[in-house]
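Engineer: To start, I am sharing the structure in question, which I have written as structure tokens.
What follows draws every value from the coordinates through simple rules; no lab data is involved. Bear in mind that the values here come from a model prediction, so they are computed numbers and not experimental data. Using ideal geometry, Cβ is built from the backbone for each residue, glycine included, and neighbour counts are taken over all protein chains shown.
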Amino acid sequence: MTDRVDVLLGAMKRLQRDLHYYNKELDKLNAHFSDDMDEADQKKMKEMIEETKSTMQATRQKMDIYAKELTDLGVSVDP
């Protein structure tokens, strides 16, 4: 394997691990969100949830880019 393939595979593993962490974080945030919270806390919690979702989307996009590059290099990957 080339160095580039090794780097891309390592990056994919890291991004998968990150995505798993973000999923767990989103579950925690959603579990703590409550209508009983005051308005300021609800607003802050919603911001945190949206930030996590945005980060997850960016992570998936990077994974797609790396998966395409790996495919172009002849390496089969499951995104």
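Engineer: Which residues, counting only those in the range 47-79, are hydrophobic (A, V, I, L, M, F, W, C) and surrounded by 14 or more Cβ atoms within 10 Å (Cβ to Cβ)? Even if it seems obvious, please write down each step before you answer.
Structural biologist: Start the filter on the range 47-79 by keeping residues that are hydrophobic (A, V, I, L, M, F, W, C), which leaves 48-49, 56, 58, 63, 65, 67, 70, 73, 75, 77.
Met48, Ile49, Met56, Met63, Ala67, Leu70, Val75, Val77 - these are the residues of the range 47-79 that are hydrophobic (A, V, I, L, M, F, W, C) and surrounded by 14 or more Cβ atoms within 10 Å (Cβ to Cβ).
Engineer: Take Asp18 and decide whether it is acidic (Asp, Glu), out of contact with any Asp or Glu (no Cβ under 9 Å at 6 or more places or on another chain) and surrounded by fewer than 11 Cβ atoms within 10 Å (Cβ to Cβ).
Structural biologist: No, not satisfied.
Engineer: Tell me which residues, restricted to the range 25-41, are of a type in the set (Asp, Glu) and either over 16 Å from Ser54 (Cβ atoms) or touching a residue at least 40 places away in the same chain (Cβ under 8 Å) (or both).
Structural biologist: Selection gives Asp27, Asp35, Asp36, Asp38, Glu39, Asp41.
Engineer: For the structure I just gave you, tell me whether Ser34 is outside any helix (DSSP H, G or I) and out of contact with any strand residue (DSSP E or B) (no Cβ under 7 Å at 6 or more places or on another chain).
Structural biologist: yes
Engineer: Would it be correct to say that Lys44 is more than 15 Å from Ala11 (Cβ to Cβ), touching a residue at least 12 places away in the same chain (Cβ under 8 Å), surrounded by 11 or more Cβ atoms within 10 Å (Cβ to Cβ) and of a type outside the set (S, T, N, Q)?
Structural biologist: No: the conditions fail for Lys44.
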